[in-house]
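Student: Please find one structure pasted underneath; my questions will follow.
The values are calculated or read from the model by the stated rules, or taken from the named source; none is laboratory data. Computed from a predicted model, the values in this text were never measured in an experiment. Note: ideal-geometry Cβ built from the backbone for every residue, glycine included; neighbour counts use all protein chains shown. All accessible areas refer to the heavy atoms of the entire protein, side chains included, with ligands and DNA or RNA removed. Shrake-Rupley method; radii C 1.70, N 1.55, O 1.52, S 1.80 Å.
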Amino acid sequence: MILVAGGIKGGSGKTTTAVNIAILRASQGKDVLLVDADDQETSADFTALRTEEHPDAPGYTCVKLTGPAVRTEVLRLAERFDDVVIDTGGRDTSSQRAALAIADVLLIPFVPRSFDLWSLEKAAGLVDEMRTVNPDLRAHCFLNRSDPRGTDNAEAAEILRETDTVTFLDTPLGSRKAFSNAAAQGLAVTELKPRDPKAVDELTALYRAVFDTYLISD
Ligand SMILES: Nc1ncnc2c1ncn2[C@@H]1O[C@H](COP(=O)(O)OP(=O)(O)O)[C@@H](O)[C@H]1O
Ligand SMILES: [Mg+2]
């Protein structure tokens, strides 16, 4: 399965999603390729830190690719891996388009704030366009950094449900220090100590929604 963490908003949680899902997948014994297709190279930096600090933790292969090479090289490499996770930058770049041309699934995190939600229409437009070259592309959105209280989540969810092009997954990741603390240590939130059970449950639910829905799990 080729999975892309994308969308056209910076800071929405693409890298957080990509590295956590890649690690969960790797810890299930899968041979995972993580492609850093963002010029900021956060996934690659995260991986370097992880390899340095936690050499015995479940590993994956990480490569940096940009532009059309994201399509050509991933097509070439995909046969050698069980799964490929591609982390993209928060813009409509040639790298993100190249990734969407070959992806099975696109996951778009949305922070429940108006500026972020406004980017939904543009992201849906991009998906529509990419489906002309990749008709089987499945696209999902979910809430990231959702608020523990208040009505913002429900209101945001309502907006995200409105678009048929991108299917809403009701598996939010809350705004939790565990996600940023884990990332700062080169860990998935499932590996962080002390454990934040809510964060672990949320990530596991998102992971299951992605893999179990398509029955591509074990
Ligand atoms: N659910 C969350 N809870 C708390 N912090 C988060 C969460 N998701 C992301 N972050 C933090 O927000 C920042 C942006 O997230 P990141 O995954 O790098 O976004 P993107 O890759 O879309 O730019 C990072 O500092 C990250 O640790
Ligand atoms: Mg990023």
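Student: Enumerate the pairs (first residue in segment 40-64 and of a type in the set (A, V, I, L, M); second residue anywhere and in a strand (DSSP E or B)) with beta-carbon separation below 8 Å, excluding pairs fewer than 6 apart on the same chain, so at least 6 apart or on different chains.
Tutor: These pairs meet every condition: A44/D36; A44/C62; A44/K64; V63/L33; V63/L34; V63/V35; V63/D36.
Student: Any idea which of (1) hydroxyl-bearing (S, T, Y); (2) surrounded by 24 or more Cβ atoms within 10 Å (Cβ to Cβ); (3) part of a loop (DSSP other than H, G, I, E, B) is the one S95 doesn't satisfy?
Tutor: All conditions are met except number (3).
Student: Would you say E155 is out of contact with any His (no Cβ under 9 Å at 6 or more places or on another chain), under 27 Å from L100 (Cβ atoms) and of a type in the set (D, E)? Give the derivation first.
Tutor: Values: out of contact with any His (no Cβ under 9 Å at 6 or more places or on another chain): yes; under 27 Å from L100 (Cβ atoms): no; of a type in the set (D, E): yes.
Answer is no for this residue.
Student: Got a sec? Which of A101, A123 is surrounded by 16 or more Cβ atoms within 10 Å (Cβ to Cβ), over 21 Å from V189 (Cβ atoms) and without any contact (Cβ under 8 Å) to a residue 60 or more places away in the chain?
Tutor: A101
Student: Take the residues of segment 177-191 that are surrounded by fewer than 19 Cβ atoms within 10 Å (Cβ to Cβ) and within 7 Å of ligand 1 (Cβ to nearest atom): which is nearest to L49 (Cα to Cα)?
Tutor: Checking each candidate, the answer is S180.
Student: Something else: So N20 passes all but one of these: (1) open to solvent by less than 20 Å² (accessible area, probe 1.4 Å); (2) within 12 Å of ligand 2 (Cβ to nearest atom); (3) assigned to a helix (DSSP H, G or I); (4) of a type in the set (S, T, N, Q). Which condition number does it fail?
Tutor: Going through (1) open to solvent by less than 20 Å² (accessible area, probe 1.4 Å); (2) within 12 Å of ligand 2 (Cβ to nearest atom); (3) assigned to a helix (DSSP H, G or I); (4) of a type in the set (S, T, N, Q) one by one, N20 breaks only (2).
Student: Here's a follow-up. Condition first: in a loop (DSSP other than H, G, I, E, B) and open to solvent by less than 20 Å² (accessible area, probe 1.4 Å). Can you find one or more residues in segment 38-57 that meet it?
Tutor: Scanning segment 38-57 turns up no residue that is in a loop (DSSP other than H, G, I, E, B) and open to solvent by less than 20 Å² (accessible area, probe 1.4 Å).
Student: Considering only residues that are at pLDDT 95 or above and polar (S, T, N, Q), which ones fall in segment 91-118?
Tutor: Passing the criteria: T93, S94, S95, Q96.
Student: Suppose the filter is touching a Cys at 6+ places or on another chain (Cβ under 7 Å), among the acidic types (D, E) and within 11 Å of ligand 2 (Cβ to nearest atom); does D36 pass it? Give the derivation first.
Tutor: Values: touching a Cys at 6+ places or on another chain (Cβ under 7 Å): yes; among the acidic types (D, E): yes; within 11 Å of ligand 2 (Cβ to nearest atom): yes.
The answer is yes for D36.
Student: Would you call F168 open to solvent by 20 Å² or more (accessible area, probe 1.4 Å), of a type in the set (A, V, I, L, M, F, W, C), in contact (Cβ under 8 Å) with a residue 12 or more places away in the chain and over 21 Å from A26 (Cα atoms)?
Tutor: Criteria met by F168.
Student: Would you check if A157 is touching a residue at least 60 places away in the same chain (Cβ under 8 Å) and of a type in the set (A, V, I, L, M)?
Tutor: no
Student: Being open to solvent by less than 50 Å² (accessible area, probe 1.4 Å), of a type outside the set (V, I, T) and within 16 Å of ligand 2 (Cβ to nearest atom) is the filter here, so list the residues in segment 58-92 that pass it.
Tutor: Those that are open to solvent by less than 50 Å² (accessible area, probe 1.4 Å), of a type outside the set (V, I, T) and within 16 Å of ligand 2 (Cβ to nearest atom): C62, L65, D87, G89, G90.
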